[in-house]
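Written out below as structure tokens is the structure these notes cover.
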Amino acid sequence: MIDIERSARPTTIKDLKGLVVSRTVVLPDQLKKVAQFAFERPEEMAFGTIKSISVSCGVAPQTVLRLAHAFGFNGFRDFKALFRAHLRNM
């Protein structure tokens with residue numbers, strides 16, 4: 001897996017999807033599960049907890065946090081903010 005530099009982290013959901021589609025970031029299967037969940041259910045990413053998302057995805061809570069870090073976010077709160085901004089702009 002390639003970690004994105006904090007300064008180059010995605011600023012929109014479109015940018016985030018672009019990283020996955022372009023294979024700029026190669027995700028292990030467990031992280032792919034969480035990423036797919038995030039794209040399919042952005043409202044749950046925006047307002048869910050690490051625990052609720054991990055249960056929905058069938059992964060450990062740490063996996064949700066690792067996905068945020070893989071995309072260059074400092075933590076889950078910053079990652080959630082991307083999804084909240086996406087929902088506000090819809």
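The values are calculated or read from the model by the stated rules, or taken from the named source; none is laboratory data. Not measured: the values here are computed from a predicted model. Quick reminder, even Gly has a Cβ in these numbers, built from the backbone with ideal geometry, and neighbours come from all protein chains shown. Areas reflect the complete protein model, heavy atoms only, side chains present, ligands, DNA and RNA absent. Shrake-Rupley method; radii C 1.70, N 1.55, O 1.52, S 1.80 Å.
Here are some notes:
- Only one of the numbered conditions (1) surrounded by 17 or more Cβ atoms within 10 Å (Cβ to Cβ); (2) part of a helix (DSSP H, G or I); (3) at pLDDT below 85 is not met by LYS17, and that is (1).
- Members of the stretch 28-87 that are β-branched (Val, Ile, Thr) and open to solvent by 70 Å² or more (accessible area, probe 1.4 Å): THR49, VAL55
- Boolean, SER22 is among the hydroxyl-bearing types (Ser, Thr, Tyr) and touching a Ser or Thr at 6+ places or on another chain (Cβ under 7 Å): no
- For beta carbons closer than 7 Å, sequence separation of 6+ or different chains, a first residue in the stretch 49-71 that is within 14 Å of PRO28 (Cα to Cα) and a second that is open to solvent by 50 Å² or more (accessible area, probe 1.4 Å) and of a type in the set (S, T, N, Q), the qualifying pairs are VAL59/GLN30; THR63/GLN30.
- Residues of the stretch 1-14 that are outside any helix (DSSP H, G or I) and modelled with pLDDT of 80 or more: PRO10, THR11, THR12.
- Selection status of PHE37, of a type outside the set (S, T, N, Q), without any contact (Cβ under 8 Å) to a residue 40 or more places away in the chain and touching an Asp or Glu at 6+ places or on another chain (Cβ under 8 Å): yes
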